[in-house]
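Trainee: Below is the structure I would like to discuss, written out as structure tokens.
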Amino acid sequence: GFLAALEKDAKERAQRRRRNEQLANVFVQQPAEIVWRILILLPGLFWGLFQAYLKLREYEKAISDCEWALKCNKNCLKAYFLMGKAHLALQHFAEARQCYEKMLQIDPQKENLVKDCLSQARLEEKRVRDEERAEREVQAGNVAAFSIQELLQRISSPGQDILCYTGGIGLLAGLVKDCTGQTLFRTNKGFSILRNEAVRGALCAESKSPAEVELCVSLLLLWRAACAGNEENQRVLLAQPDVGAQLAELLSSGIPQIQRETLALISLCSENQSGRRLLLRQDLGRWLQLLLAFVKSTDARADGAMNILSDLAGEERFQAQCGAMFSTGVLPLFTQLLVCARQVNQAALARAVAVLGSLCADVGLRAQLAQSRECWQACLQLLDGSCDGSSPGYQQCVFAVLGLMMNVLLESNCTIQDFAVPISGRCLALLNHQDGRIVTRATGVLSRVLAASPSAVEEVVKGGVVKKMLKFLKAGGHLTSSYAIKTLSICTKSSRRAQEELLRRDKRLQVLLKLLESGDELTVGNAAFCLSQCLQVPGAASALLGSRVVLLLLRRAGGDAHRTAVQLNSAIALGRLCAAEPR
């Protein structure tokens, strides 16, 4: 009986153990299932809870929630992203980086987002390290650190003479030229200097006295010193109320010293990615207008303004913001600058034109340019003034305008049709230019504008464009050749005279046959198209007997070419060849 009782007890204990394990598993699974259901059915509730934790600075709880989410879905990108933010707030920099890098492993298409996150983590870690180093300098009794604190206290005191503020700001600028000085300037609220009514009044005054001008220049020099190479200080400066708007006012002040220092300060920010993002929060449509106006300056202000524009032009947000006042504010000014090309800073104008060409990546801005009759007229007027005797600066402007025209000619509208003949005429004249870069771009403009107007084709054919294009194709430059064969294909499509002249100048069509062997498919496609047009001239097909033309076209039509258009053009040329010459 005793042994039976022992056996029964053992069985009961085993049953209890199994039941407890089952209960434990259910207990673990239920929260996971709840989290999973929230993630699937009510994601806003879950992530809203996370955001609440962040606002309450309950970062550990936020991390815990994200860990639960990852137990439910190990590839949850948002969980890694938000957990990285929480770790960053706790200054767990290594853990934050690991979260962001895990995002990239899960989805390589998030590369740009991950880069931004890693950059933010890097800047935050640098800020913390810099402030720790600066605090050690203060504790060690560093004289410069003490001087920065004392000067900031004096400058913040109201009721002093404006010259005292100017002198104090000048002394301060000399102390914040290294990383520790810059950090101490920031941590001691140096960027709050505008709270001083005298300093703020001088900066904001519409009509400035000589003393106020001197104070403004000193303040801008101080900000330059504090922000040079220091992205955190740039962020803090541009986050100050009204600083962005005030910089725009200083640019338009008409006072050369203030404009120079303002441009130098803005340029510090535009040189790096994080600084550009800070600048993109400003009213950039107005900034574009203000910066373009410096093309009229003959000193370093023009270069400074163009440097900033060049830095900003590639940013999508800059392109989008410029659209709002582009036609009303920017285009009239730009047109005026083109018309006055001989009276302005020509090197700066060339850069300004290049910036406008970059902005044409935005379809909306490009369409506005393409529809502006005044802009086309100004471009043609500038090209009219081009000759080999023009100054190098003017030739830079011509080169830049041709590039702008090429970009704008990606559009197609009635305005371009109306201007196609004069545009073609100017470019045809430029084919004799001694600068090969200008010749190449002029050929490129022809390759894009001729399709808009049969009348333009007839004019350039009469003017000898076929002879010029054959000359460029025989010379063999890749870019010029690609433009030249495109130009010939357009001319031979609509002009029998062009077909006949091409055959007269290249009786066995050796130039086109050579292009069919090119490694560039666009060139091959245009060569095949041009060949198919010329084969409509009696006797053209017979001139190709004994050549490799059939084999070349068969290869391109039969699958060597990856582009369908190239295959089609080759097949059409082959069909016309066999129809015209049965042999």
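Trainee: Any residue in the stretch 392-405 that is in a helix (DSSP H, G or I), touching a residue at least 60 places away in the same chain (Cβ under 8 Å) and either surrounded by 19 or more Cβ atoms within 10 Å (Cβ to Cβ) or not assigned by the TED database to the domain that holds R504 (or both)?
Mentor: Checked the stretch 392-405: at least one residue is in a helix (DSSP H, G or I), touching a residue at least 60 places away in the same chain (Cβ under 8 Å) and either surrounded by 19 or more Cβ atoms within 10 Å (Cβ to Cβ) or not assigned by the TED database to the domain that holds R504 (or both).
Trainee: Do we find that V408 is farther than 20 Å from A498 by Cβ, open to solvent by less than 30 Å² (accessible area, probe 1.4 Å), outside the structural domain of T480 (by the TED database) and touching a residue at least 60 places away in the same chain (Cβ under 8 Å) in this structure?
Mentor: So V408 does not fit the description; no.
Trainee: Just checking, how many residues over the stretch 479-502 are open to solvent by less than 40 Å² (accessible area, probe 1.4 Å) and of a type outside the set (S, T, Y)?
Mentor: Selection size over the stretch 479-502: 9.
Trainee: Criterion first (among the polar types (S, T, N, Q), in contact (Cβ under 8 Å) with a residue 12 or more places away in the chain and either over 26 Å from R286 (Cα atoms) or open to solvent by 10 Å² or more (accessible area, probe 1.4 Å) (or both)) does Q240 satisfy it?
Mentor: Against the criterion (among the polar types (S, T, N, Q), in contact (Cβ under 8 Å) with a residue 12 or more places away in the chain and either over 26 Å from R286 (Cα atoms) or open to solvent by 10 Å² or more (accessible area, probe 1.4 Å) (or both)), Q240 qualifies.
Trainee: Of the residues that make up the stretch 486-506, is at least one more than 38 Å from the chain's Cα centre (by Cα) and under 21 Å from Q381 (Cα atoms)?
Mentor: The answer is no; no qualifying residue exists.
Trainee: Working carefully through the options D299, D311, find the one that is under 25 Å from A226 (Cβ atoms) and either in contact (Cβ under 8 Å) with a residue 12 or more places away in the chain or buried (at least 17 other Cβ atoms within 10 Å of the Cβ) (or both). Steps first, please.
Mentor: On the way: D299 fails: under 25 Å from A226 (Cβ atoms).
After applying the criteria, what remains is D311.
Trainee: Being touching a Cys at 6+ places or on another chain (Cβ under 7 Å), farther than 22 Å from Q336 by Cβ and not β-branched (V, I, T) is the requirement here; does L222 meet it?
Mentor: no
Trainee: Could you check the stretch 272-281 and list, in sequence order, the residues that are outside any helix (DSSP H, G or I) and among the basic types (K, R)?
Mentor: R281 - this is the single residue of the stretch 272-281 that is outside any helix (DSSP H, G or I) and among the basic types (K, R).
Trainee: Which members of the stretch 321-342 meet the condition of being within 19 Å of the chain's Cα centre (by Cα) and open to solvent by 40 Å² or more (accessible area, probe 1.4 Å)?
Mentor: Q321, A324
Trainee: Go through the stretch 525-549 and give me each residue that's farther than 20 Å from T487 by Cβ and either in contact with a strand residue (DSSP E or B) (Cβ under 6 Å, 6 or more places away or on another chain) or surrounded by 14 or more Cβ atoms within 10 Å (Cβ to Cβ) (or both).
Mentor: Result: A541, A543, L544, V549.
Trainee: Which condition number does S156 fail, the rest of (1) over 41 Å from the mean Cα position of the chain (by Cα); (2) modelled with pLDDT under 90; (3) over 11 Å from T180 (Cα atoms); (4) surrounded by 15 or more Cβ atoms within 10 Å (Cβ to Cβ) being met?
Mentor: So the condition that S156 fails would be (1).
Trainee: Can we say R276 is closer than 22 Å to L172 by Cβ, in contact (Cβ under 8 Å) with a residue 12 or more places away in the chain and of a type in the set (K, R)?
Mentor: It is false that R276 is closer than 22 Å to L172 by Cβ, in contact (Cβ under 8 Å) with a residue 12 or more places away in the chain and of a type in the set (K, R).
Trainee: Of all residues in the stretch 112-149, which are over 21 Å from V176 (Cα atoms), charged (D, E, K, R) and open to solvent by less than 90 Å² (accessible area, probe 1.4 Å)?
Mentor: So in the stretch 112-149, the residues over 21 Å from V176 (Cα atoms) come out as 112-122.
With charged (D, E, K, R) added as a condition, the list becomes 115-116, 122.
Within the stretch 112-149, just D116 meets the criteria.
Trainee: Could you tell me which of the residues G477, G519, G444 is at pLDDT 95 or above and under 33 Å from the mean Cα position of the chain (by Cα)?
Mentor: Going through G477, G519, G444 in turn, the sole match is G444.
Trainee: Return yes when Q109 is without any contact (Cβ under 8 Å) to a residue 24 or more places away in the chain, under 30 Å from E316 (Cα atoms), open to solvent by 80 Å² or more (accessible area, probe 1.4 Å) and more than 26 Å from the chain's Cα centre (by Cα) and no when it is not.
Mentor: No; evaluated as a whole, the condition is false for this residue.
Trainee: Can you pull out every residue in the stretch 153-171 that is touching a residue at least 40 places away in the same chain (Cβ under 8 Å) and closer than 13 Å to N196 by Cβ?
Mentor: The answer is I155, S156, P158, I162, Y165, T166, I169.
Trainee: I'd like to verify a number: residues in the stretch 453-478 that are open to solvent by 30 Å² or more (accessible area, probe 1.4 Å) and assigned to a helix (DSSP H, G or I), how many?
Mentor: Of the stretch 453-478, the ones open to solvent by 30 Å² or more (accessible area, probe 1.4 Å) are 454-455, 458-459, 462-463, 467-468, 471, 474-478.
Next cut, assigned to a helix (DSSP H, G or I) only: 454-455, 458-459, 462, 467-468, 471, 474-475, 478.
Total meeting the criteria: 11.
The values are calculated or read from the model by the stated rules, or taken from the named source; none is laboratory data. Owing to the predicted nature of the structure, the values given are computational and were not obtained by experimental measurement. When we count neighbours, we look across all protein chains shown, and the Cβ atoms used for this are built from the backbone with ideal geometry, even at glycine. These area figures cover heavy atoms from the full protein model, side chains too; ligands, DNA and RNA do not enter into them. Shrake-Rupley method; radii C 1.70, N 1.55, O 1.52, S 1.80 Å.
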